[in-house]
Each structure stands twice: as structure tokens, then as C-alpha cells.
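The values are calculated or read from the model by the stated rules, or taken from the named source; none is laboratory data. Note that the structure is predicted; figures quoted are calculated from it, not measured. Ideal geometry is used to build each Cβ from the backbone, glycine not excepted, and the neighbour counts take in all protein chains shown.
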Amino acid sequence: MRNILLGCVLFLTACGSPSNPPAAGNSIQPFHTSTLEDIDTPNVIFADTPLPTSTPFTYVIQEGDTISELAEKFNVSQDDLRAVNPEINPNSMTIGATILIPDSSSSIAAASTPTPVPLPITQAVCHPTPDGGQWCFALVHNDTSDLLENVSVQITLVDQNSVVIASQTAFLPLDILPPNSSLPAYIFFPNASANSIPQVQLLSALQLNTGSSRYLPVSFDNTLAQIDRGGHIAQLSGQVYLPAESKAATQVWIAAVAYDGVGRVIGVRRWEGGAIEPGRSVTFNFSIAGIGSSIDSVDFVVQAK
């Protein structure tokens, strides 16, 4: 019988105007495969500017995505996005549909990009899917005492001869990375070889300005992860509490990260909730699926706005 994980953690959260949402809030479908590709010590590159890509890459539309937010997220113009995706209705984008993100290397090279806070990327792992793609995760750890925002990495797949197969920008499931916590940046690569090797570059990690009122102290209570007998799915539940002396939060996001028995990331999902009044709590209940291996434990991180 699988372990039942009980946890209680405290992280900073947010109120005020929302920033751009990170990638994917939808769940990943579970399955088992005997050809897991795991890179425990990724080729991590630190640089002042992002790695440019020479060709467009694909992105799967997530709930809440808009043309303007995607243009800002990927540092491209809205006109360029519409030009390479003429079939997309910017006022009604279909969740799960695939769009092209045009090459922005010229604008990136000309832009002044802040140097990211140097953070350790403790693992990079890619899991092949039955349709010939790969889900890739880069686990980023905040070893500072500061709350960090807008953390992103570039994940590049190369073959055994270091020839680039594909490259995409990957984001955390939350806008923030609290002190002494880890979250995976993740992205899906269609038509990627199971033998490809991920290279990971930290693109952005910004220290929150001292005195910012966007993020408020909330706490988890009675968090529970009930893992099914086969280890494929974990049912997650608990409460998020907002202290009475705090301002009201208008939005709550919870990131759940599933790990296998050797500590590899095998799944991530974001739960999106509503407002919390000071001194009150909100209850969450959702599930997370594991990819390739059985779920052994689940970690939680929360933010609210």
C-alpha cells in the first residue's frame, strides 16, 4: 500500500494585480513506460541573456492564456504571433490547441536583459510519451532568503552528438519561488527522441522588491496526498488559511509536485482557487498524475493574489 503523505508548510503569497500566468494549469495524463530517460546532472548553463532559437517552437494553449500575455511572456510582438498563427482567433483561443511561437532572437539580442539571480537547478528529467513526445522538467531550487518572481529556464534537447533537436522556454507553475523551496519548470516537446539529452539554462529569476505588498503570508493546513494502489494518481486535499491581520486575497494558486521513490519529478499540476477573506480559509481538492514511475510523495507550494 502506498504511503500517505501529510505535510504542513508556510509560504508567502500574493494580492493585487496579477502578473503573467506561467505555463500549464492542466493536468498531465498518467501512463507507464519502460523507456524513461533521466538526466540526474543536467548540462546547466548560466548566461546574462537567453539562448536564441533559430526556428519557431510550439506552445500548448493553457487556461487563461491571451495573445497579449503570450507575446509578453515570449518577448515577441502580437502581430508576429498572429502572423504565424493565422487560424487562431485571439478572442477565443482553444485550451489544448498548439500554436507557433516565432523566433525572437533578434529582439532578445538587442534587449537589455537583467542578470538572473543564480539558482541551482538540481535535476533535469524528460519522460517520453506514447505519442512520441517528451515532458521535460528542470527542478529549480531557491537557496536564498528572498522571494523570487518570474523564474524561467530554456530547455534544449540535443542528441548524442550535441546537435540541437528542439528548444523551448519553460516556466514554473507559479509566479513565485519562495525561499528554501523547489519547483519544476516544465514543457512538452512533441516528436522528441527518447534518447535526447536536456540542456538547461536559467533565463530569469528576479528578487522581489523589499516592501512589496503583492505577496501575503498564508499557510497550509491539513494537507493530504492519498496515493492510489498503483501509484499512478494522488488525490490531494487541504486548506489554505489567510491570517486575520492580512489584506484580502483575490486569487489562490497551489502547485503540487509529484516525485517518485528516488526523488525524480514525475508530475506537476496547478490548482486555481478564488478569494480568501482575512481570518478565513479555502479548501482545495484535486488530483495529480505521475508520468513513467509511481508516485511516492507530493510537495505543495502556494501563492495568492
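Could you say whether any residue in the stretch 161-169 is outside the structural domain of W253 (by TED's automatic domain parsing) and closer than 17 Å to P118 by Cα? Let's see the steps before the verdict.
So the first thing to find is which residues in the stretch 161-169 are outside the structural domain of W253 (by TED's automatic domain parsing), and the list is 161-169.
Those left that are additionally closer than 17 Å to P118 by Cα: none.
No.
Among strands (runs of 3 or more DSSP E) entirely within the stretch 46-129, having at least 1 residues that are in contact with a helix residue (DSSP H, G or I) (Cβ under 8 Å, 6 or more places away or on another chain), more than 19 Å from L174 (Cα to Cα) and modelled with pLDDT of 75 or more singles out 98-101. Per the conditions (1) more than 21 Å from S219 (Cβ to Cβ); (2) β-branched (V, I, T); (3) touching a Leu at 6+ places or on another chain (Cβ under 7 Å), the sole criterion not satisfied by V298 is (1).
Name the residue, out of S181, S212, that is surrounded by 14 or more Cβ atoms within 10 Å (Cβ to Cβ) and of a type in the set (G, A, S). Reasoning before the result, please.
Working: S212 fails: surrounded by 14 or more Cβ atoms within 10 Å (Cβ to Cβ).
Result: S181 is the single residue among S181, S212 that is surrounded by 14 or more Cβ atoms within 10 Å (Cβ to Cβ) and of a type in the set (G, A, S).
Looking across the stretch 153-184, the residues that are among the small types (G, A, S) and either free of Cβ contacts under 8 Å to residues at least 60 places away in the same chain or farther than 24 Å from L70 by Cα (or both) come down to S162, S181, S182. Among residues of the stretch 170-195 being hydroxyl-bearing (S, T, Y) and at pLDDT 90 or above, the one that is farthest from Q123 (Cα to Cα) is S181. For G273, the criteria (1) at pLDDT below 95; (2) buried (at least 23 other Cβ atoms within 10 Å of the Cβ); (3) within 17 Å of L174 (Cα to Cα) hold in every case but one, which is (2). Of the listed requirements (1) within 26 Å of I121 (Cα to Cα); (2) among the polar types (S, T, N, Q); (3) touching a Gly at 6+ places or on another chain (Cβ under 7 Å), S213 misses just one: (1). For the stretch 166-187, a residue qualifies if it is under 20 Å from N75 (Cβ atoms) and either more than 8 Å from the chain's Cα centre (by Cα) or not in a loop (DSSP other than H, G, I, E, B) (or both), and the qualifying residues are A166, S167, Q168, T169, A170, F171, D175, A185, Y186, I187. Residues of the stretch 128-161 that are in contact with a Leu (Cβ under 6 Å, 6 or more places away or on another chain) and under 23 Å from S193 (Cα atoms): V153, Q154. Would you mind finding the one in A234, A225, A255 that is crowded, with 20+ Cβ neighbours inside 10 Å and closer than 26 Å to S145 by Cβ? Exactly one residue qualifies, and that residue is A255. With the structure loaded, tell me whether D260 is charged (D, E, K, R) and surrounded by 21 or more Cβ atoms within 10 Å (Cβ to Cβ) or whether it fails that test. Yes, satisfied.
Residues in the stretch 188-237 that are assigned to a strand (DSSP E or B), under 15 Å from I295 (Cβ atoms) and touching a Pro at 6+ places or on another chain (Cβ under 8 Å): I233 alone. Of all residues in the stretch 183-213, those being farther than 20 Å from I155 by Cβ and not polar (S, T, N, Q) number 2.
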